[in-house]
Amino acid sequence: MTPLPRTSPEAQGLSSRAVLAWLDALEASGLELHGFVLLRAGAVVAEGHWAPYAPQQVHHLYSLSKSVTALAVGALVADGRVRVADRLVDHFPDDLPVPVPPHLAAMRIEDLLTMRTGHAEDVTGALMAAPDGDWVRAFLAQPVAHPPGTHFVYNSAATFMLSALVERLCGQSLLAFLHPRLLAPLGIEHARWVANAQGIHLGGWGLHLTTEGVARLGQLCLQRGEWAGQALLPAGWMDAATRAQVPPGDDPDSDWAQGYGYQFWRCRHGAYRADGAFGQFCVVMPEPQAVLAITANVPDMQGVLNHVWTHLHAAMGAGTCPEDPAALAALRARCAGLHLPLPAPGAVWNGPVQPATFVFEPNEVGLAALRVEAGPGGCYITFTDERGEHALEAGVGEWRESRTTAWPVSEEPVLARAGLTHQGELHVMAVWIEAGFHWTVAVDEAAGTLSLQLPATMGFAGRPLRAVRAAPNPAF
């Protein structure tokens, strides 16, 4: 992989103090970023990751994946394998309901790209609940209430169908198709995409890339599909994908009301972006020739963008800025020392902690019980739900990596550490390092209780799940 050029912010017309002010604003707002890479004129001017997140780790991009799926469709259009005016039903003749409803028959590839399929609501849930697991047939079976091309509904199932289309036309998965066409030329070495039970990559979510990988994709978009002198995508496709195919809404202060393209959102200030739940961003700013990639776990995505416009975009001037060695040194030290404000690991216990199983009251995440076993060598947690048992390991006072299926359903890497609080409670912090969220387990052995704090971004702010110690020899 050819490294991206790296320089000071001042060399690209941005003061280090402006970047420091942006970091201060994020911290003051309580916004939990995991990583960022800021490019200007193709050079990295600032970057950082909040420990325990690290530059080499991939991060779930959630709906930012949609924009990458659209790039794959653009490559197929460039090859002449598909047209945006093609009817969807013509590519899936064996999966259609009988008879084919007229609105479904009229649905075009462009309607999927612009989220104007004609559905009255997002039909992704119906796909995931399909009894036979056939998401393509489930999508084609859904009622289409409006004429396609007339009614915008953000619909992850539409993007899944674009992924299924790529596989149908190419005979290979979305990621396998993208690797030689885009990812390898861009130097993106670490990528994975979650698939459904049919083996079709989800398209609308599920892509995992490093933060720098997101930045490289953004730079490709900024350069209208060109990279290192090679046209990886037609400039005309990039122009069409990133302009407002769906007209803007009524709120001039919202970055979600500036129009929608081919799986890209328009932004204020002439910018556009790919984005995903919980603050995954690839913001492309054509006028100042800048790209900002962010991975995060935030409930207030608009707040993140507000700080971008106030502290970064507004400070980007032409030419260079006067050198400011003190500010540059402070910025580099700040970026090197970024870390999440997680609780301290706590004291280390000398002997084993009495193993115990704790039983939850009925709850919305379906957890039934949690077993804790701890000794000098580590702490071992076993979650029980309707799917079975899911284990993870925690280091004693230090991060330890293991893999678990506790959440989500697929196996995920998790970093965890355990220690004792000043009150003698066992405290375990578990960070789903790719999914981008963390859980906290606190055991009060004297009271025989356990609390599990789930992510605020999942709606659990201030609402821990509570459990009580089970009787000896529980049936878990």
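The smallest convex shape that holds all Cα atoms of segment 327-377, its convex hull, gives 162 Å³ per residue.
The amide H of Thr404, built 1.01 Å from its N in the peptide plane, has Glu412, Val414 as neighbours under 5 Å, considering only residues 5 or more places off or on other chains.
Take peptides 443-453, 215-225, 318-328 and line them up by average Cβ neighbours within 10 Å, highest first, as a rough protection proxy. Before the final figure, lay out the partial values.
Working: 443-453: 16.8, 215-225: 22.5, 318-328: 12.6.
Ranking, from highest mean packing down: 215-225, 443-453, 318-328.
Heavy-atom accessible surface of Thr210, to the nearest 10 Å², is about 20 Å², with a 1.4 Å probe and all protein chains retained.
Globularity index of segment 13-74 is 1.37 (Cα radius of gyration / 2.2 N^0.38 Å, N = number of residues).
Take the Cα of Gln423, step 7 Å along the line toward its Cβ, and report every residue of segment 432-446 whose backbone nitrogen sits under 20 Å from that point. Counting only backbone N, you get 439-446.
Computed as a quarter of the hull surface, the mean projected area of the alpha carbon convex hull for segment 46-103 stands at 7.8 nm². For the chain, what is the relative contact order in percent, using Cα pairs closer than 8 Å and at least 6 residues apart in sequence? Once normalised by length, the contact order is 16 percent. Across the options Gly424, Ser402, Met1, the greatest Cα extent toward the positive end of the charge dipole of the chain (unit charges at beta carbon of Lys, Arg, Asp, Glu) belongs to Met1.
The orientation-averaged shadow of the Cα convex hull for segment 361-476, equal to a quarter of the hull surface, comes to 7.4 nm². With only Cα atoms counted, segment 1-104 has Rg and Dmax values of 21.9, 64 Å. The C-alpha atoms of the chain occupy a region whose extents along the principal axes are 68, 67, 42 Å, arranged from largest to smallest.
In terms of its Cα atoms, segment 211-338 spans 46, 38, 27 Å along the principal axes, sorted from long to short. Taking 0.36 nm per residue of separation and subtracting the current Cα-Cα distance, fully stretching the chain between Gln302 and Arg466 would add 55.8 nm. Cβ-Cβ distance of Ala21 and Gln354, R₀ of 41 Å, FRET efficiency by 1/(1 + (r/R0)^6): the value works out to about 0.25.
On the beta carbon distance between Trp309 and Ala456, with R0 = 25 Å, the FRET formula returns roughly 0.55.
A simple count of charges around Pro355, restricted to other residues whose Cβ falls under 12 Å of its Cβ and scoring Lys, Arg +1 and Asp, Glu -1, yields 0.
Only helices enter this figure: runs of n ≥ 4 DSSP H residues, each worth -39500 (n - 2.57), summed and divided by the residues of the chain, yield -6500 deg cm²/dmol at 222 nm to the nearest 500.
Work through the residues other than Pro413 whose Cβ is under 14 Å from its Cβ and net out their charges, Lys, Arg +1 and Asp, Glu -1.
Spelling it out: positives minus negatives among the neighbours equals -2.
The values are calculated or read from the model by the stated rules, or taken from the named source; none is laboratory data. What you see is a predicted model; the values in this text were computed from it and never measured. Cβ: placed from backbone, ideal geometry, glycine included. Neighbour counts: every protein chain shown. Just the protein is used for accessible areas: all its heavy atoms, side chains included, with ligands, DNA and RNA removed. Shrake-Rupley method; radii C 1.70, N 1.55, O 1.52, S 1.80 Å.
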